[in-house]
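See below for the structure under consideration.
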Amino acid sequence: MYKKNKLQILLYILPTLLLAAIIYGISVITLVGTSFTEWYIGSSPRFIGLDNYIEMFTGRNDFYKAFWNMVIWIGMQCVIHVSIGLLFALILSKQEWYWKIARTVYMIPNIISGAAVGMLFIFILNPEYGAVNNIIRAIGFKDFSVNWFMDYNTAFFSVTMMWLPYAAVPSLLFLAEIFSIDRALYESARIDGATDLQINLYVVIPLLKNTIGTAVILAATGMIQKLDIIMVTTGGGPGNETINLPMYIYKSALMDNNFGYANALGTFLIIFGISIIFTIRLIFKVGQSDM
């Protein structure tokens, strides 16, 4: 019976597996294969071995800038972004009168496309008529004018703040998990004299280990593929101040017309992303019981 069930499950998922193999498998094989070539539009790929990878690690300072920017954003997203989501979920789990309204409003930035969010912030941070500069001028700094996205001192911070505080997706994940915790655990803790803070620290958060791991994975992978907001607002500038690997791949392929090198970058990004996911799974022991 068990073997029969396994066969049925395999038959059910076989179309999905075939579709994934065709769409993603062939694409990945092509990506990796052409990363060992010199390939420009208008010419056929020419095998050059590891030259693209050697150039990536030894001859390109902009690669390291893009890579470390991405690593910094991943770290901030995994620590600060997820922590904000957890804190917000713990507050909303008390189910005060405002919790449904706050949950809905907090979700709005996450249901708007990245390009739209980028355009919105372009107007908010505009040096001449943007809301931020106008508010600063209104409180007494009459000559204040900062081009937030194009100033080397503020560009990285400005781009980061477009997504870092808006942790609605982790919050919803945490809320769903918190509401599934047996109420008897809360009552037992209160009988033993535990405060709300102690219950959160020693009962709720330990039981959220799997969900925290999942939220960290989502945060990390979200940063690994972040492109649209950066492209709309700064294009990776000023200079390379806000560039990341996806933006660098875009520039290498579509602006420098160097598809072989861009595919080498893409191959590195895939390997790095898989490594990050497996590392997070090991740290948080995702998939193991929380009890």
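Nothing in this text is a laboratory measurement; each read-out follows from the coordinates by a stated rule. Note that the coordinates shown come from a computational prediction; the quantities given were computed from them, not determined experimentally. Glycine gets a Cβ as well: all are built from the backbone with ideal geometry, and neighbour counts include every protein chain shown.
For this structure, a couple of remarks:
- Integer Hz, Karplus 6.51/-1.76/1.60 couplings in order for the range 245-250, x for Gly and Pro: 5, x, 5, 5, 5, 4
- The amide H of E38, built 1.01 Å from its N in the peptide plane, has R46, F47, I48 as neighbours under 5 Å, considering only residues 5 or more places off or on other chains.
- Calculated FRET value between L201 and V28, using beta carbons and R₀ = 35 Å, to 0.05: 0.20
- Remark: the Cα gyration tensor places the range 1-62 in the prolate category, a/c being 1.5 or greater and a/b exceeding b/c.
- Calculated FRET value between M119 and D62, using beta carbons and R₀ = 30 Å, to 0.05: 0.70
- Here the contact order of the chain, divided by its residue count and restricted to Cα pairs under 8 Å and six or more residues apart, works out to 30 percent.
- Overall form of the range 144-291 per C-alpha gyration tensor (a/c, 1.5; a/b vs b/c): oblate
- Whole-Hz Karplus values for the range 219-225 come out as 5, 5, 5, x, 6, 5, 10 Hz, taken residue by residue from phi with 6.51 cos²θ - 1.76 cosθ + 1.60 and θ = phi - 60°; glycine and proline positions read x.
- Close Lys pairs in the chain (alpha-carbon distance under 19 Å; sequence gap of 8 or more, or different chains): 4.
- Cα shape, the chain, gyration tensor, a/c 1.5 rule: oblate
- Remark: the M107-S43 segment gains 18.4 nm on full extension, using 0.36 nm per residue and subtracting the alpha carbon distance.
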